[in-house]
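What follows is a single structure, and I will ask about it in a moment.
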Amino acid sequence: MKLLYTKIWNLAKPFYKKGRPMDIDHIQWMMKMVKIVCKKEGLDEEILMPLAILHDVGYAILLDPVNTNYYKKDVRKAHMKTGEEIAKKILASVNYPKDKSKRIIKYVGIHDNWAFGEVEIYINDRILGTFKDLDYLWIYTKKGFDAIKKVLHKNEAEMFKQLKDEVSPIYGKKPFSTSLTRTLREIYLQERKIEYNLLE
Ligand SMILES: [Fe+2]
Ligand SMILES: [Fe+2]
């Protein structure tokens with residue numbers, strides 16, 4: 001299965017290169033964390049890993065990937081729809097198991113639906129919920145913090161405050177799906193606090 005993940009990643013990379021400038025880092029971090037969280041929490045890596053690798057491929061359709069506001073609803077919707085189509089092609093081309101592919105493609109197509117008011121889907125589904133935890137936590141990491149700070153035009157202290165005030169994913173509405181992801185938030189918050197000398 002490891003070889004298949006590498007194949008999927010190699011097929012996805014050209015799309016990411018056309019998309020948001022931070023996404024290669026974003027996905028590489030997610031891949032690393034998926035391995036750890038699946039092992040520790042007993043989640044199906046064969047679903048979560050391809051989902052992590054493929055979920056943002058749809059940003060490849062952006063005409064101006066550097067200046068686009070990724071938080072706009074139409075952009076979000078478009079990246080999920082295109083992502084679903086690209087994911088379908090990539091998974092088929094590596095002969096990924098059909099039943100698992102179906103689920104992964106579906107998840108790619110809804111992975112940001114919280115932005116359209118759907119929160120329950122992440123709470124009721126531990127795999128999708130854990131995916132969301134990781135997707136959300138990336139902005140707490142050094143690279144994610146720096147990248148999103150620029151997108152939101154915030155300084156370090158403002159960005160830190162935003163993260164500190166968001167006690168859980170999706171504007172605090174969704175509890176963390178695993179104890180590992182909950183703990184990670186605390187660790188990263190502490191790291192950024194020290195890194196930017198934001199000690200109170
Ligand atoms: Fe996304
Ligand atoms: Fe993402």
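Derivation of every value follows stated rules applied to the coordinates shown; laboratory data play no part. Being a predicted model, the structure only gives us computed values, none of them experimental. Every residue, glycine among them, receives a Cβ derived from its backbone with ideal geometry; neighbour counts consider all protein chains shown.
Right, ILE24: in contact with a helix residue (DSSP H, G or I) (Cβ under 6 Å, 6 or more places away or on another chain), under 26 Å from LEU3 (Cα atoms) and surrounded by fewer than 17 Cβ atoms within 10 Å (Cβ to Cβ) or not?
yes
Could you list, in sequence order, all residues of segment 24-57 that are more than 15 Å from ligand 2 (Cβ to nearest atom), touching a residue at least 60 places away in the same chain (Cβ under 8 Å) and either more than 16 Å from the chain's Cα centre (by Cα) or not in a helix (DSSP H, G or I) (or both)?
Once the filter is applied, which keeps residues that are more than 15 Å from ligand 2 (Cβ to nearest atom), touching a residue at least 60 places away in the same chain (Cβ under 8 Å) and either more than 16 Å from the chain's Cα centre (by Cα) or not in a helix (DSSP H, G or I) (or both), segment 24-57 yields LYS40, GLU41, LEU43, ASP44.
Filter segment 187-199 for residues that are free of Cβ contacts under 8 Å to residues at least 40 places away in the same chain and under 18 Å from VAL34 (Cα atoms) and give the result.
Hit for segment 187-199 is ILE187, nothing else.
Can you work out which of the residues in segment 98-143 that are small (Gly, Ala, Ser) and surrounded by 19 or more Cβ atoms within 10 Å (Cβ to Cβ) is farthest from THR82 (Cα to Cα)?
In this case the residue turns out to be GLY129.
Taking only segment 58-115 into account, find how many residues are in a loop (DSSP other than H, G, I, E, B), within 16 Å of ligand 2 (Cβ to nearest atom) and either polar (S, T, N, Q) or farther than 20 Å from PRO14 by Cα (or both).
6
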